[in-house]
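Written out below as structure tokens is the structure these notes cover.
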Amino acid sequence: TTHADVAMYEAMDHGKNTFALFEDTMHEQLLERLALDNDFAPSLEREEFVLVYQPLIALTTGEICGFEGLCRWDHPVHGRLAPDKFITLAEESGRISALGSYLVRQACKDAIRFTTLTGETPYVTVNVSPRQLASTEIIDSVYDGLGEAGLEPGRLVLEITESAMMLDFDVALKHLEGLKELGVSLALDDFGSGFSSLNLLHKLPLDVVKLDRLFISDVTSDAGAGQIVRSIAGMCQSLGIKALAEGVETREDDEFIRSAGFDLGQGYYYARPADFDDAVQLLRRSEAA
Ligand code: C2E
Ligand code: MG
Ligand code: MG
């Protein structure tokens, strides 16, 4: 990545009419970005990228039925970095495929470890970025990850976003169908946050729809928002797709999504993302309750 590239990305981030100026703060950001970019390849080798796991709750039983795998970078200098610090960078530098296939392998292995340690068979999800869905590599890396770990394909869920379908719809759809043929499940992430074509719900081979947390944050205060969320849950049900509510933070949110007919819930109200060992404890406790 050159200075010019970074300036261009900044300009794109800030809209077409903005010229990217090398002001002090931007220069700092640039240096930070270049430094992180340089660190990337060795970090992948040193296994500094880890998955933390946030429980997904089956609302009928209240038990943990799966975990979303969320990436963190345990950087030797900057400490633990959240994905907003490095996922875009990885996409822009073309390293997202390498990181993505590493994380799929890790998630498959961790799914097996969950079972070895608890006897339970939760599923695990991995987030797939739009760039990854544009290449057939995603199919190979999922196939390899499942095979290497010996994981039943039905226990792996790939989370895709609406924006993944915006690049080249037909290509992305072909890759989704290839993934389905391997036996994995597909979830549409952050539904309602972007262009939200309702068409996607029946055009894509989806198993789960994850309703964006911005919707859930409004439901208890805004009757209109509540009505929309109920309708989406109903629509998913009639299409045979599981409905998951993201960002459940309060008891009221939890009560609302239960009454609205959601199948699954995720959010700080149940549990925050946790290191693998802590996730194992959460799973044990969930089953004992
Ligand atoms: P996402 O896939 O929608 O993940 C959910 C995000 O919401 C997570 O943030 C999670 O910590 C946060 N969250 C969960 N429950 C609550 C809640 O009740 N309230 C609030 N306010 N937030 C909640 P995180 O881990 O920082 O991830 C942010 C985004 O980064 C993810 O959004 C996903 O788009 C991306 N990401 C994370 N890991 C990966 C990865 O391995 N690969 C790719 N391509 N993207 C990833
Ligand atoms: Mg996700
Ligand atoms: Mg999400």
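Where a number appears in this text, it was derived from the coordinates with a stated rule and is not lab data. Quick caveat: nothing in here was measured; it's all calculated off a predicted structure. Reconstructed Cβ throughout: ideal geometry from the backbone, glycine too, with neighbour counts over all protein chains shown.
Worth pointing out:
- Here the stretch 118-152 and the stretch 156-197 have alpha carbon centers that stand 14 Å from each other.
- The stretch 91-131, relative contact order in percent, only Cα pairs under 8 angstrom and at least six apart counted: 47
- Subset of Lys174/Lys242; Lys180/Lys210; Lys85/Lys174; Lys109/Lys203 violating a 27 Å alpha-carbon distance limit: Lys85/Lys174; Lys109/Lys203
- Sites excluded, trypsin sites (Lys or Arg not before Pro) in DSSP loops with at most 13 other C-beta within 10 Å, longest stretch of the chain: 47-289
- Using a Förster distance of 35 Å, the FRET efficiency for Glu120-His27 (Cβ separation, nearest 0.05): 0.10
- Projected label distance in nm at Asp74 and Glu287, using a 7 Å step from Cα toward the beta-carbon: 2.5
- Length-normalised contact order of the chain in % [C-alpha pairs under 8 Å, at least 6 apart]: 17
- Helix 96-118 axis, angle to the chain major axis (alpha carbon atoms, nearest 10°): 30
- Dipole magnitude of the stretch 143-245, debye to nearest 20 (Cβ charges: Lys/Arg +1, Asp/Glu -1, about Cα centre): 360
- Folded to 0 to 90 degrees: helix 137-149 orientation relative to the chain principal axis, Cα: 60
- Listed residues Ile228, Ile216, Ile64, most fluctuating in the chain (Gaussian network, C-alpha, under 10 Å): Ile228
- Phi-derived couplings, Karplus 6.51 cos²θ - 1.76 cosθ + 1.60 at θ = phi - 60°, listed residue by residue for the stretch 266-272: 8, x, 4, 4, 8, 5, 8 Hz, with x used for Gly and Pro.
- Loop sites in the stretch 127-204: chymotrypsin sites (Phe, Trp or Tyr not before Pro), DSSP, at most 15 other Cβ within 10 Å: Phe195
- Whole-Å distance, taken between Cα centres, linking the stretch 79-93 and the stretch 233-289: 26
- Karplus-derived 3J(HN,Hα) values for the stretch 224-234, using 6.51 cos²θ - 1.76 cosθ + 1.60 with θ = phi - 60°, are x, 4, x, 5, 5, 5, 4, 5, 5, 4, x Hz; glycine and proline are entered as x.
- Relative contact order of the stretch 66-222: 19 percent, from C-alpha pairs under 8 Å at least 6 residues apart in sequence.
- Within the chain, percent of DSSP bridges classed antiparallel, to nearest 5: 40
- Test item: Cα-centred dipole of the chain, Lys/Arg +1 and Asp/Glu -1 on Cβ, debye: 700
- Built from the Cα atoms of the chain, the convex hull projects on average onto 16.3 nm², one quarter of its surface area.
- Long-range HN-HN contacts of Leu56 with modeled amide H, under 5 Å: Cys65, Gly66, Phe67, Glu68
- 3J(HN,Hα) from dihedral phi, the stretch 179-187, Karplus parametrisation 6.51/-1.76/1.60, rounded to Hz, x for glycine, proline: 5, 4, 5, 6, x, 7, 9, 10, 10
- Remark: the Glu255-Lys174 segment gains 25.3 nm on full extension, using 0.36 nm per residue and subtracting the alpha carbon distance.
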